[in-house]
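Quick notes on the structure that follows.
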Amino acid sequence: MRLPSALRGGVFVALLVSMPMLGLQHWFLNLLVFVLMYATMSSAWNLVGGFAGYPSLGHAAFFGIGAYTLALFFKDQVLATGYEPFLLLPVVGLVGALIGWPIALISMRTRADVFAIVTITFLFVVQTLAFNLHDLTGGSQGAALPIPPFAAGQYELPFYYVMVALLLFTMGLTFATMRSKVGLSLVSIRADEDKARGVGVRVIGVKVLAFSVSVGITAMVGAVWAYYESFIYPQFAVDPLITIAMVLMTFLGGRGTLWGPVLGAVILESGQQVLTYQLGAVQLYLIVYALLFLVIILLLPRGILPTIEDRLRQRRRSRRTEAPAAVWPEDPAIPSKADTVTTRGGGAA
């Protein structure tokens, strides 16, 4: 690991850990919880949509699956310390990954455009089930979770640090993927899947693995969100806008990168939260999403970070080409062309 990368990572971790110690107000801590939530989900989506180039539009289904899984585990239970649901997050992630495995086996046999249609169809199927399976989900009346017994003055802190842990785990997994054979296989699939299969890449296995890990992390985030809200409605737990936000954040920051999804989440989610606080429940951020999507397509098709890296690389190249050639001082012992006269016979006078 290079020192600059390690230094950036250390500064980032120190900043995340120390933020609540600055005496921030509750609304700002709530904003940070949601920013971390979307940063984690965007980083998880990046494993499939960024590295493999398969734009999944059904991740919100697994967000809801994680939320309802936690609700079923703790239905009609009283919590002793309040940290019990956090200890169950690995189980929730495993449930999401196991459900995603057969979905990936079927949908990953299609190509990118058909894959997007299959995954969004699965999203609407799960949303319909959430509205109609009243015994499991409570239907449109919603499902309740135990209220976290945390002090009012520090209510957001446990959720904040759990989201920090999930984000660091996801980013660490992304970092390891970028430097592994799995990451190389995913990038080769995105470039040319047929050629990747021809050179021996286990295309289906790698794609299914990436999808299962991605949706497992998304399910864990959904469980934390459900416990944070303490009540689940199907229209919020299985919301297509959650997936749209993941996609936009990843494309805005730069897909296939480590920091791109985090940067996109900071920009978009903080902007949405500020608009919500200032304008109430008016969903003007949807218009902002649409305009931003057009801007990304037209001006930043590769995202902010890749565009900046490309421009810096071009600037360095232009400086090298514009640098003046080195001029060496003439040696007086070596005659110059002006001092040499060539005769017709080829000799020098």
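A few comments on the model shown:
- Protein-only accessible surface order, largest first, of Tyr228, Tyr155 at 1.4 Å: Tyr155, Tyr228
- Dividing the convex hull volume of the alpha-carbon atoms in the range 24-239 by its residue count gives 112 Å³ per residue.
- Rounded to 10°, Cα long-axis angle of helix 156-178 versus longest principal axis of the chain: 40 degrees
- Solvent-accessible area assigned to carbon and sulfur over the range 24-239 amounts to 68 percent, based on a 1.4 Å probe.
- Value at 222 nm in deg cm²/dmol, rounded to 500, when DSSP H runs of n ≥ 4 in the chain each add -39,500 (n - 2.57): -22500 deg cm²/dmol
- Working ranking of peptides 174-181, 233-240 by packing, defined as the average number of other Cβ atoms within 10 Å per residue, highest first, is 233-240, 174-181.
- Average Cα contact separation per residue, the range 87-219, under 8 Å, 6 or more apart, as relative contact order %: 51 percent
- Highest average packing first - 184-195, 293-304, 37-48, Cβ atoms within 10 Å: 37-48, 184-195, 293-304
- Prolate/oblate/rounded label for the range 197-276 (Cα gyration tensor, a/c 1.5): oblate
- The angle between the Cα long axis of helix 203-229 and the main principal axis of the chain comes to about 50°, on a 0 to 90 degree scale.
- Tilt relative to the chain, helix 260-279 - C-alpha long axis, 0 to 90 degrees, to 10: 50 degrees
- Within straight-line cross-link reach of Lys181, aspartates and glutamates at Cα separation under 12 Å, skipping those fewer than 8 residues along the same chain: none
- For the range 180-321: rounded, prolate or oblate by the Cα gyration tensor [a/c cutoff 1.5]: oblate
- For the chain, the residue among Val187, Gln273, Ala71 whose Cα projects farthest onto the positive side of the dipole built from Cβ charges is Val187.
- Amide proton proximity set for Phe231, modelled H, under 5 Å, gap of 5+: Leu145
- Other residues lying with their Cβ under 15 Å from the Cβ of Arg202 contribute a combined charge of +3, Lys and Arg counting +1, Asp and Glu -1.
- Sorting the segments 204-210, 82-88 by their mean number of nearby beta carbons within 10 angstrom, highest to lowest, gives 204-210, 82-88.
The values are calculated or read from the model by the stated rules, or taken from the named source; none is laboratory data. Quick caveat, the model's predicted, so the values are computed rather than measured. With ideal geometry, Cβ positions are generated from the backbone for all residues, glycine too; neighbour counts draw on all protein chains shown. What goes into the accessible areas is simple: the full protein's heavy atoms, side chains included, and nothing from ligands, DNA or RNA. Shrake-Rupley method; radii C 1.70, N 1.55, O 1.52, S 1.80 Å.
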